[in-house]
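Just below is one structure, and these are the notes that go with it.
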Amino acid sequence: NVGFQALHVYEENHSGFGAPWSYLVAMKDYNSRTNWYRNAAQVEAAIHKRIKKTKSGKRALNFFDGATMMTMQIPHRGFETVYCRSSPRPELCDEEQFGFVSSRPNADLSSVEVRTSRIGDHAGRGVFATVDIPKGTRIGLEGSVQSILAMPSTKEMIDSLHEDYDEAKDLNAVLSYLYGYGFVSLVYGKPDVTVDSSILTFINHGCNGTQNVGPREGETEYTELNVSLESMPGDLHMSTEPFDLVTARHLRQIMSCDIVALRDIKAGEELLTNYLGFTGSPDDWREDVSDLREQCINKGKGMVKDYEEGNIRTE
């Protein structure tokens with residue numbers, strides 16, 4: 001631990017050394033990741049604002065613009081290949097972690113359906129298996145690639161407009177969709193929101209560790225009952241995880257709502273997951289855990305039901 005909270009690697013072809021060179025960028029503030037993952041237009045605006053014009057009128061930057069920055073944000077495959085040749089082989093290098101592989105079958109979205117949930121009045125809709133789903137099977141993988149992402153700048157803009165302008169109340173529907181159906185993470189530095197656009201977004205929380213689906217096998221053992229309200233466990237906080245090149249290359253796949261069956265699931269059984277894994281921001285920890293505890297004793301409403309009834313809660 002040398003005081004850096006975020007690392008990025010990229011390759012530069014214009015260093016003047018006759019061949020591409022690799023560079024490591026180390027940041028002391030985790031929130032700086034938001035600047036690294038800006039879109040091309042945001043980078044161009046920052047260049048225009050911060051780079052002084054030359055007296056000759058020529059470009060101050062010869063080999064850098066917004067589009068170039070986009071190519072640097074994700075390490076290329078060569079970095080991952082070399083990293084995964086390490087001994088012992090890093091766990092995330094397992095090819096089964098991402099995409100379709102024959103060793104881990106996928107139960108497509110026709111294997112599940114939406115019905116009224118059985119877990120309590122607080123829930124509303126739920127997702128049920130229409131066929132038996134064996135342990136370890138991915139569920140709806142083909143739909144996970146269509147998840148919707150609101151980057152930190154997008155989220156901040158929507159929140160700000162909704163809060164500051166009465167004319168922006170039409171954004172209620174957008175906020176209900178993002179916060180009711182999505183989950184917050186800090187993978188891009190500041191809070192972003194990811195929404196599963198498939199019917200799997202209706203999967204409810206499994207109280208007291210009763211979940212039968214999750215992001216991957218060996219999911220967290222934390223439940224709404226055995227965690228403290230005071231602080232978020234460190235291993236649930238993205239910023240405390242050590243840097244590795246596989247994660248850096250596959251951020252969108254990791255955050256794309258890819259789930260597997262944690263045990264054998266029978267046809268007709270409701271799919272349940274652990275919502276604690278979707279609390280990405282320590283600032284929301286107390287409120288989120290308290291809400292889950294209330295729901296699990298039928299004293300509170302589920303977040304989706306709450307938002308659909310017009311109870312908007314921005315971050």
For residues that are of a type in the set (S, T, N, Q) and surrounded by fewer than 16 Cβ atoms within 10 Å (Cβ to Cβ), scanning just region 107-118, find the one that is modelled with the highest pLDDT.
Ser110
Of Thr34, Thr68, which residue is surrounded by 10 or more Cβ atoms within 10 Å (Cβ to Cβ), without any contact (Cβ under 8 Å) to a residue 12 or more places away in the chain and among the hydroxyl-bearing types (Ser, Thr, Tyr)?
Thr68
Pairs returned, first residue in region 249-266 that is surrounded by fewer than 18 Cβ atoms within 10 Å (Cβ to Cβ), second residue that is of a type in the set (D, E, K, R), beta-carbon separation under 8 angstrom, 6 or more apart or interchain, are Arg263/Lys135; Asp264/Asp132; Asp264/Lys135; Lys266/Asp132
Would you call Asp164 free of Cβ contacts under 8 Å to residues at least 24 places away in the same chain and not aromatic (Phe, Trp, Tyr)?
yes
Could you tell me which residue of region 85-102 is modelled with the highest pLDDT, considering only residues that are within 25 Å of the chain's Cα centre (by Cα), closer than 15 Å to Arg138 by Cα and not acidic (Asp, Glu)?
Val101
Out of Glu241, Glu287, Glu230, Glu270, I need the residue that is charged (D, E, K, R) and under 28 Å from Arg85 (Cα atoms). Which one?
Glu241
Scanning region 226-257 for residues that are within 14 Å of Asp288 (Cβ to Cβ) and part of a loop (DSSP other than H, G, I, E, B), which turns out modelled with the lowest pLDDT?
His237
Being modelled with pLDDT of 90 or more, of a type in the set (A, V, I, L, M, F, W, C) and either under 19 Å from the mean Cα position of the chain (by Cα) or under 20 Å from Asp196 (Cα atoms) (or both) is the filter here; which residues of region 119-156 pass it?
Val127, Phe128, Ala129, Ile139, Ile148, Leu149, Ala150, Met151
Any residue in region 138-155 that is β-branched (Val, Ile, Thr) and crowded, with 19+ Cβ neighbours inside 10 Å?
yes
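The values are calculated or read from the model by the stated rules, or taken from the named source; none is laboratory data. The shown structure was predicted, so the numbers you read here are calculated from the model rather than taken from an experiment. Heads up, the Cβs are rebuilt from the backbone with ideal geometry, glycines too, and the neighbour counts pull from every protein chain shown.
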